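I have placed the structure first, in the form of structure tokens, so that the comments after it can refer back to it.
The values are calculated or read from the model by the stated rules, or taken from the named source; none is laboratory data. From a predicted model like this one, the values you see are computed outputs, not experimental measurements. All Cβ positions, even for glycine, are placed from backbone atoms using ideal geometry, and neighbour counts span all protein chains on display.
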2 protein chains.
Amino acid sequence: MRNEGLGSWPARRARKTPHRTALIHNGTTYTYADLHDRMTRLAHALRAQGVRRGDRVAYLGPNHPSYLETLFAAGTLGAVFVPLNTRLSTAELAYQIADSGAKTLLHTGDGEQARTLSVPVTIEAEGAGYEDLLASAPSSDPVDEAVGGDDVCLIMYTSGTTGRPKGAMLTHANLTWNAINVLVDHDLIADEVALVSAPLFHTAGLNMLTLPVLLKGGTCVLVDAFDPAGTFALMEQYGITFMFGVPTMFDLLTRQPAWPTADLSSLRLLTCGGAPVPPPLIAAYQERGLTFLQGYGMTEAAPGTLFLDAEHAVSKAGSAGVPHFFSDVQVVGPDLTPVAADETGEVVVRGPHVMPGYWGLPSETEAAFSDGWFRTGDAARVDADGYVTIVDRFKDMIISGGENVYPAEIEAALLAHPDVAECAVIGVPDEKWGEVPRAIVVPREGTAPPAESLLASLSGRLAKYKIPKSLLLVEELPRTASGKLIKSRLRTTYGPDEQDSGKQ
Amino acid sequence: MRNEGLGSWPARRARKTPHRTALIHNGTTYTYADLHDRMTRLAHALRAQGVRRGDRVAYLGPNHPSYLETLFAAGTLGAVFVPLNTRLSTAELAYQIADSGAKTLLHTGDGEQARTLSVPVTIEAEGAGYEDLLASAPSSDPVDEAVGGDDVCLIMYTSGTTGRPKGAMLTHANLTWNAINVLVDHDLIADEVALVSAPLFHTAGLNMLTLPVLLKGGTCVLVDAFDPAGTFALMEQYGITFMFGVPTMFDLLTRQPAWPTADLSSLRLLTCGGAPVPPPLIAAYQERGLTFLQGYGMTEAAPGTLFLDAEHAVSKAGSAGVPHFFSDVQVVGPDLTPVAADETGEVVVRGPHVMPGYWGLPSETEAAFSDGWFRTGDAARVDADGYVTIVDRFKDMIISGGENVYPAEIEAALLAHPDVAECAVIGVPDEKWGEVPRAIVVPREGTAPPAESLLASLSGRLAKYKIPKSLLLVEELPRTASGKLIKSRLRTTYGPDEQDSGKQ
């Protein structure tokens, strides 16, 4: 049977590099032959439990070899993998299980939470029970199921800062092309040793790091959670060459007491996503001979979309870069034609890595695409060299006196103030201007900056219409389980009804 | 317009690395921005000459930037590129032009031969005329033509040791997937500097070397013809990191007076195709710290099919390796099921890199495929680790007394004799055995080995039924323009009618 999907990857690697190390987890090493044998046995065990082509198989747990074994096993059966975010509440998990229609759930840990989710079949995915399941699998022969590139490989829920989360369907071809784009844009080698401390249930940890390294035949060191203090020891122990993280993770490393003396000599590739890397962070790593590769993407695009290479990390700091090789990206106006250089438009993306649509949501899918382009909803500008800078989410845009105001720009300016730890900007109604920006600020611990002085610090740095007309000091900002700001809740809590006339 | 084809590659690279060097030829350097601008202008010039989607555009000349410019320009128009082998006779070229139906021919040199080929439009592809053509092109804007991965990108004629050459149609997707397989199996980096001394009109020089390097954004140094003495100077001048050749080329380098002192320090990757690398040659390069990557492929598979990595160059010497990542290869019996380990069967291949068929030859295409697998016609064995050793062409197999005899095995044994420069083995009719092997040998210059002693050297090395019953000493063997042995002519010249009873 022809298998063009991810489920065939362990077999394809095992015929080339059976004895090389694919995974390391808690000191246990799995070769590619091991990975191939284990995922094949798991596939037969799942099939024995009734899992068939198209069925959804959910997984709940932090980074673990069984996550990848389940992904590949489901793939080889033509079944659909549904990774769940461990940080979600039981109600949120229950929604995703019900929405996806998963009848099988693999989980690590004691399974207490899993049992509350009323999935017909729950399977322990670590420990003796799991090892027994694999050892007693009905077969270890290749699975005889034809899988094509356009078959859906996984459903990954977008974190949904507004409304219900939507399940992005990603095909085997989508994930494969994203890994290929990583191979073109990163100089990955077969001897790569990657530190996988970003969660595999997020698209970046899986697709920008783990799958490309497995495609090349390298080694992935899986850790349950990012531990800044322990990271240096892992680097030395395993000779980590490649690491992915969000800027906060890389920033935390520089704040460790061990930072000045840590041995970073094995590191070759640092890739960073989620937000542009701030220039001081770029400088801190450059002093250690390391440069960031930066990316912009989204779950729906599997996810790599824009890429800023090491050569341009400084000269184009703040930009998200240019499109990955096998991707087409445009910044367009409402008529879908590209806007002029330095004008703001919406980022749209097209390519073999872009999802066919949202699971069970035909009208949302239709709304998400125009003329074959996926509409990201992100506002951006393109410079004369084609480098794209993400400005903000379009739906967060404030229109004040006819001017477009992007909260992200104001937030960046506020964050430059030493007393600002976190901040967010929303629009509130205004009789004169229609809408005006309002800032909500979490002060850095131990400081109590007056609102007036924070606002005054923006004078001369931002146009007058962009300077918030009010500023609230709060203790924390509402965020999703994955750390994304929930702007809708900000608007409810700190919007028009809040009496704030005296606070500016 | 969406362009998923090779024609979009220069634009995709130019948006990433416009100022990096794509090509160097005779001391002239072309950046990716140059390549993009030039191929776009050429596309508009070709369109102005009437070239439309699906039209065939032929190219005749040694390695030159205009070869690649024409390939990409044709690709961006949805036209089909037809590279011609400069070593062919005028009659052979005329056949390929007529068969492909090319109405446009680009050529380098004085065009004397091109003019005899009666193509409606001939275009000089170097010098002032060509530069004028590009400079005066009607436009340098992106070409507005939709091109899909399944559109035919080029027709490459197989050298045809029997019968007429057949035009293998290779789609944009075929060539792209082959380049991806190279990226997975070779540790290519963006700073690669490749020496392209193998001809671009052959599949290996184009697809195993040039296109993967351009995909990564590296530099290709194009030279007209392989010059063993001049190669070391090029390595030093350009810091060559990557080179492809047939074993003869690498052997010739070791025979240069400069070999012992040549600076090879920039070299990282040596890839070798066409035949397994003999162990002494492996050893000679290993002494210099270099290991061969070896491949087996064919024009119809764009071409990479089997791959022997550096780690196994010695332990699996003589083998062609295991399948490339995105390729499926089996060695099968007449019923198309895989043969047991160490049994001989036919190599069949399937994957996104395999051609859809031969141009204008539906019945030959049908005969070339069984159940979706391309039948290579090559006989091979697979060992217990899955490593494939090519034994011979099936149609060259001799059946002697019911035993299968593979000429290539006998030829390899004869070549081990110090006085044998070249040799070939054919089958001749025999009253007792049905068929028996006959050897035709070109002695090494300055030697005159008796036939008896050459045959005696095989005793104990080959089973008795494999030892030729006759051996002829000749001055040269009949070869095609590309150096392939023409076994059919050998059979006519040295077959049953030749009186040779007294020669053994």
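Tally the residues that are within 15 Å of the chain's Cα centre (by Cα) and at pLDDT below 95, restricting the search to the range B:300-319. Lay out the reasoning, then the answer.
If we filter the range B:300-319 for residues that are within 15 Å of the chain's Cα centre (by Cα), which is where we start, we get B:300-307.
Okay, now just the ones that are also at pLDDT below 95, so none.
So the answer is 0.
Of the residues in the range A:272-325, how many are charged (D, E, K, R) and within 14 Å of chain B (Cβ to nearest Cβ)? Walk me through it before giving the result.
Applying the first criterion (charged (D, E, K, R)) to the range A:272-325 yields A:287-288, A:300, A:309, A:311, A:316.
If we keep only those that are within 14 Å of chain B (Cβ to nearest Cβ) too, we end up with A:309, A:311, A:316.
Going through the range A:272-325 one residue at a time, the tally reaches 3.
Do any residues in the range A:367-386 that are touching a residue at least 12 places away in the same chain (Cβ under 8 Å) and within 12 Å of chain B (Cβ to nearest Cβ) have Cβ atoms under 6 Å from those of residues that are surrounded by 22 or more Cβ atoms within 10 Å (Cβ to Cβ) and in a strand (DSSP E or B), where the two are at least six apart or on different chains, and which pairs are they?
Every condition considered, the pairs that remain are A:373/A:348; A:382/A:331; A:382/A:388; A:386/A:322.
So which of B:322, B:329, B:314 ends up being in a strand (DSSP E or B) and free of Cβ contacts under 8 Å to residues at least 60 places away in the same chain?
Of B:322, B:329, B:314, the one residue that is in a strand (DSSP E or B) and free of Cβ contacts under 8 Å to residues at least 60 places away in the same chain is B:329.
Is there any pair with a first residue in the range B:221-241 that is in contact (Cβ under 8 Å) with a residue 60 or more places away in the chain and not assigned by TED's automatic domain parsing to the domain that holds residue B:66 and a second that is surrounded by fewer than 20 Cβ atoms within 10 Å (Cβ to Cβ) and assigned to a loop (DSSP other than H, G, I, E, B) whose Cβ atoms are under 8 Å apart and which are 6 or more apart or on different chains, and what are they?
Final answer for the pair search is B:224/B:62; B:225/B:62.
I want to confirm something. Restricting to the range A:174-194 and keeping residues that are more than 12 Å from residue A:214 (Cα to Cα) and of a type outside the set (Val, Ile, Thr), which single residue is surrounded by the most Cβ atoms within 10 Å (Cβ to Cβ)?
Here the answer is A:178.
Residue by residue through the range A:206-236, note down the ones that are in a helix (DSSP H, G or I), more than 14 Å from chain B (Cβ to nearest Cβ) and either among the aliphatic types (A, V, I, L, M) or buried (at least 20 other Cβ atoms within 10 Å of the Cβ) (or both).
Restricting attention to the range A:206-236, the residues satisfying the condition of being in a helix (DSSP H, G or I) are A:206-216, A:228-236.
This time we only want the ones that are more than 14 Å from chain B (Cβ to nearest Cβ), so: A:206-210, A:228-236.
A:206, A:207, A:208, A:209, A:210, A:229, A:231, A:233, A:234, A:235 - these are the residues of the range A:206-236 that are in a helix (DSSP H, G or I), more than 14 Å from chain B (Cβ to nearest Cβ) and either among the aliphatic types (A, V, I, L, M) or buried (at least 20 other Cβ atoms within 10 Å of the Cβ) (or both).
When residues of the range A:487-496 are filtered for being modelled with pLDDT of 85 or more and surrounded by 15 or more Cβ atoms within 10 Å (Cβ to Cβ), how many remain?
In the first step, residues of the range A:487-496 are kept if they are modelled with pLDDT of 85 or more; the result is A:489-494.
Narrowing the set further to residues that are surrounded by 15 or more Cβ atoms within 10 Å (Cβ to Cβ) leaves A:489-491, A:493-494.
The number of residues fulfilling the criteria is 5.
Scanning for something of a type outside the set (Asp, Glu), buried (at least 22 other Cβ atoms within 10 Å of the Cβ), in contact with a Leu (Cβ under 9 Å, 6 or more places away or on another chain) and not in a helix (DSSP H, G or I), does the range A:246-268 turn up at least one residue?
no
With a cut-off of at least 3 residues that are aliphatic (A, V, I, L, M) and under 21 Å from residue A:479 (Cβ atoms), name the strands (runs of 3 or more DSSP E) lying wholly within the range A:388-458. Before the answer, list the steps.
Details: elements: A:388-393, A:398-400, A:403-405, A:420-430, A:434-443.
Once the strands (runs of 3 or more DSSP E) in the range A:388-458 are filtered for at least 3 residues that are aliphatic (A, V, I, L, M) and under 21 Å from residue A:479 (Cβ atoms), what remains is A:420-430, A:434-443.
Residue check: is residue A:385 part of a strand (DSSP E or B) and of a type in the set (Asp, Glu)?
No: the conditions fail for residue A:385.
In the list A:134, A:175, A:188, which residue meets the criterion of being of a type in the set (A, V, I, L, M, F, W, C), touching a Lys or Arg at 6+ places or on another chain (Cβ under 6 Å), touching a residue at least 40 places away in the same chain (Cβ under 8 Å) and within 14 Å of chain B (Cβ to nearest Cβ)?
Working: A:134 fails: within 14 Å of chain B (Cβ to nearest Cβ); A:175 fails: touching a Lys or Arg at 6+ places or on another chain (Cβ under 6 Å).
Step by step, each of A:134, A:175, A:188 is checked, and only A:188 is of a type in the set (A, V, I, L, M, F, W, C), touching a Lys or Arg at 6+ places or on another chain (Cβ under 6 Å), touching a residue at least 40 places away in the same chain (Cβ under 8 Å) and within 14 Å of chain B (Cβ to nearest Cβ).
Counting only residues that are assigned to a loop (DSSP other than H, G, I, E, B) and among the charged types (D, E, K, R), which one in the range A:67-106 is surrounded by the fewest Cβ atoms within 10 Å (Cβ to Cβ)? Talk me through it step by step, then tell me what you get.
Taking the range A:67-106 as the starting set, the residues that turn out to be assigned to a loop (DSSP other than H, G, I, E, B) are A:78-79, A:85-89, A:101-103.
From what's left, among the charged types (D, E, K, R): A:87, A:103.
Working: A:87: 14, A:103: 16.
So, considering only residues that are assigned to a loop (DSSP other than H, G, I, E, B) and among the charged types (D, E, K, R), the one surrounded by the fewest Cβ atoms within 10 Å (Cβ to Cβ) is A:87.
Scan the range B:396-411 residue by residue and report those that are surrounded by fewer than 18 Cβ atoms within 10 Å (Cβ to Cβ) and out of contact with any strand residue (DSSP E or B) (no Cβ under 6 Å at 6 or more places or on another chain).
B:401, B:402, B:403, B:404, B:409, listed by residue number.
Any idea how many residues of the range B:12-35 are assigned to a helix (DSSP H, G or I), touching a strand residue (DSSP E or B) at 6+ places or on another chain (Cβ under 8 Å) and more than 10 Å from every other protein chain (Cβ to nearest Cβ)?
Counting residues in the range B:12-35 that are assigned to a helix (DSSP H, G or I), touching a strand residue (DSSP E or B) at 6+ places or on another chain (Cβ under 8 Å) and more than 10 Å from every other protein chain (Cβ to nearest Cβ) gives 3.
Give the range B:464-479 a look and list any residue that's under 26 Å from residue B:404 (Cβ atoms) and either exposed (fewer than 11 other Cβ atoms within 10 Å of the Cβ) or of a type in the set (S, T, N, Q) (or both), or say none.
Residues satisfying the conditions are B:464, B:470.
Out of A:56, A:38, report the one residue that is more than 14 Å from chain B (Cβ to nearest Cβ), over 28 Å from residue B:329 (Cα atoms), crowded, with 21+ Cβ neighbours inside 10 Å and of a type in the set (Lys, Arg). Full working, then the answer.
On the way: A:38 fails: over 28 Å from residue B:329 (Cα atoms).
One residue alone meets the criteria, A:56.
If we keep just the residues of the range A:196-205 that are of a type in the set (Gly, Ala, Ser) and assigned to a helix (DSSP H, G or I), which is farthest from residue A:63 (Cα to Cα)?
So in the range A:196-205, the residues of a type in the set (Gly, Ala, Ser) come out as A:197-198, A:204-205.
Within this subset, residues satisfying the condition of being assigned to a helix (DSSP H, G or I) are A:204-205.
On the way: A:204: 13, A:205: 10 Å.
Top of the filtered list is A:204.
Return the only residue of B:348, B:339 being more than 14 Å from chain A (Cβ to nearest Cβ) and within 30 Å of residue A:5 (Cβ to Cβ). Let's see the steps before the verdict.
Working: B:348 fails: more than 14 Å from chain A (Cβ to nearest Cβ).
Result of the check over B:348, B:339: B:339.
Just give me the residues in the range B:109-165 being among the polar types (S, T, N, Q) and in a strand (DSSP E or B), in sequence order. Walk me through how you get there before you give the answer.
As a first pass, look at the range B:109-165 and keep what is among the polar types (S, T, N, Q): B:113, B:116, B:118, B:122, B:136, B:139-140, B:158-159, B:161-162.
Once the filter is applied, which keeps residues that are among the polar types (S, T, N, Q) and in a strand (DSSP E or B), the range B:109-165 yields only B:122.
Please tell me if residue A:451 is without any contact (Cβ under 8 Å) to a residue 40 or more places away in the chain and surrounded by 11 or more Cβ atoms within 10 Å (Cβ to Cβ). Lay out the reasoning, then the answer.
Details: without any contact (Cβ under 8 Å) to a residue 40 or more places away in the chain: no; surrounded by 11 or more Cβ atoms within 10 Å (Cβ to Cβ): yes.
Against the criterion (without any contact (Cβ under 8 Å) to a residue 40 or more places away in the chain and surrounded by 11 or more Cβ atoms within 10 Å (Cβ to Cβ)), residue A:451 does not qualify.
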